[in-house]
Amino acid sequence: MKKSILLAVAVISVAAVSCKKERTCECSTTSTTVTTSGSTSLTSSATTSNKTTAEKQTKKYFRMDQGCYSTTTKSSNSGSGYTSETTNETTCDVK
């Protein structure tokens, strides 16, 4: 009986400790802007990336704590004779 309890405690301990390790969030953001003035369209694009690392983190906690999520946002702007639409697409991966 004691052996089975000790074995269960050992397995749970190993499982809990092995989930915590160094985690890295790698994100790449692509920003695309389309500006239209009359019949002329101009498209510009830029890409940035960043990397965040933390030690002894579970994947779930690290993702929430660092905000390591993929997102897409769109915004528009207009003025006298032009319209501009910007799309920001962020792709994140926890490693």
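Per-structure values
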{"item": "Dipole of region 25-84 [Lys/Arg +1, Asp/Glu -1 at C-beta], most positive-end residue of THR72, SER44, PHE62", "result": "PHE62"}
{"item": "Degrees between helix 2-18 axis and first principal axis of the chain (Cα, 0 to 90, nearest 10)", "result": "20 degrees"}
{"item": "In the chain, lysine pairs closer than 22 Å at Cα, eight or more apart or cross-chain", "result": "16"}
{"item": "Region 19-28 - phi-based ³J(HN,Hα) in whole Hz, Karplus 6.51/-1.76/1.60, Gly and Pro as x", "result": "6, 8, 8, 5, 10, 10, 9, 10, 10, 10"}
{"item": "Highest-first arrangement of 66-76, 42-52, 27-37, where packing means the average Cβ count within 10 Å", "result": "27-37, 66-76, 42-52"}
{"item": "Once the Cα gyration tensor of the chain is diagonalised, semi-axes √(5λ) in Å", "result": "50, 11, 8"}
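FYI, it's all coordinate maths here, none of it is from the lab. Predicted model only: the values in this text are computed from it and were never measured. Methodologically, a virtual Cβ is constructed for each residue, glycine included, from the backbone with ideal geometry; neighbour enumeration extends over all protein chains shown.
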